[in-house]
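In what follows, a structure is listed as structure tokens, so that the remarks can point back to it.
The values are calculated or read from the model by the stated rules, or taken from the named source; none is laboratory data. Just so we're clear, the structure is a prediction, and the values are computed from it rather than from any experiment. Using ideal geometry, Cβ is built from the backbone for each residue, glycine included, and neighbour counts are taken over all protein chains shown. Surface accessibility is based on the protein's heavy atoms, side chains included, excluding ligands, DNA and RNA. Shrake-Rupley method; radii C 1.70, N 1.55, O 1.52, S 1.80 Å.
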Amino acid sequence: NKWGQTPLDIACAGGHAGIVRELLSAGSRVGANAVALCAMRGDAKLIAELLDTGAPADEPSTSDITPGMTPLMWAANRGHIDVARCLIARGARIDAQDAQGRTALMFVQAPAVAEYFVAAGANLDMSDAQGFDAVAYHLDQAASLKRIDDNEMAERAEAVAEMIGRPRPTENEND
């Protein structure tokens, strides 16, 4: 189509698993968009099928709108922990950075999802292009959201920052 989407991309975006399977069996090539679109939808089973064809787990977007965003970043943003687990298990880099230096942890919108990424080993000290680590990034997002009176989203961003910034037990404390 005029946006560069293939029939496979459109089937993935719509969650049409049967059509996706038919297209794959007919030889459709899996591009970066297909995996990302399934990650947005939260379809871990379909992502696993796409990855079984050899599709990369963390191919970055080449879109002008979301340059460098990986399927894992979409899963983080949409709160799809099962998709994140699948992608990480299949080789997605948890600390991959988009064109602005943001990691999946910076795209998280809920404390429970942030907790998963922290437990999965996300680097809490990586900085984006502005020099913000994950905590500072979410606090900056909260401040921006407050300026436009989106207090609900601001509170979520603050809760994510609080979860990420929570002290972790050291190995000696666990003994």
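Figures for the structure shown
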| read-out | value |
| --- | --- |
| Qualifying positions in the range 14-49 - modelled with pLDDT under 90 and within 20 Å of the chain's Cα centre (by Cα) | Val30, Gly31, Ala32, Asn33 |
| Test: Asn33 is open to solvent by 40 Å² or more (accessible area, probe 1.4 Å), touching a helix residue (DSSP H, G or I) at 6+ places or on another chain (Cβ under 6 Å) and within 30 Å of Gly131 (Cβ to Cβ) | no |
| Subset of the range 55-68 [open to solvent by 60 Å² or more (accessible area, probe 1.4 Å) and more than 16 Å from the chain's Cα centre (by Cα)] | Asp64 |
| Flag if Ala154 is open to solvent by less than 40 Å² (accessible area, probe 1.4 Å) and over 18 Å from the mean Cα position of the chain (by Cα) | yes |
| Count of residues meeting criterion [touching a helix residue (DSSP H, G or I) at 6+ places or on another chain (Cβ under 6 Å) and surrounded by fewer than 22 Cβ atoms within 10 Å (Cβ to Cβ)] in the range 36-49 | 4 |
| Residue check for Leu8: more than 28 Å from Ala119 (Cα to Cα) and open to solvent by less than 10 Å² (accessible area, probe 1.4 Å) | yes |
| Output for the range 101-114, where each listed residue is modelled with pLDDT under 95 and over 19 Å from Met40 (Cβ atoms) | Pro111 |
| Pair list, Cβ < 6 Å and 6+ apart or interchain, from the range 63-80 residues that are among the β-branched types (Val, Ile, Thr) to residues that are in a loop (DSSP other than H, G, I, E, B) | Thr70/Asp58; Thr70/Pro60; Thr70/Ala96 |
| Residue count for the range 48-88, restricted to those that are among the hydroxyl-bearing types (Ser, Thr, Tyr) and touching a Leu at 6+ places or on another chain (Cβ under 9 Å) | 2 |
| Every residue from the range 133-151 that is within 18 Å of the chain's Cα centre (by Cα) and surrounded by fewer than 21 Cβ atoms within 10 Å (Cβ to Cβ) | Asp133, Val135, Gln141 |
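To keep it simple, each residue is scored yes or no on (1) of a type outside the set (Ser, Thr, Tyr); (2) within 13 Å of the chain's Cα centre (by Cα); (3) open to solvent by 50 Å² or more (accessible area, probe 1.4 Å).
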| residue | (1), (2), (3) |
| --- | --- |
| Leu51 | yes, no, no |
| Arg78 | yes, yes, yes |
| Met106 | yes, yes, no |
| Ala114 | yes, yes, no |
| Ala120 | yes, no, no |
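So that you can scan it fast, the table gives a plain yes or no per residue for (1) over 21 Å from Leu105 (Cα atoms); (2) charged (D, E, K, R):
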| site | (1), (2) |
| --- | --- |
| Cys12 | yes, no |
| Arg21 | yes, yes |
| Val30 | yes, no |
| Leu46 | yes, no |
| Leu50 | yes, no |
| Ala55 | yes, no |
| Thr66 | no, no |
| Pro71 | no, no |
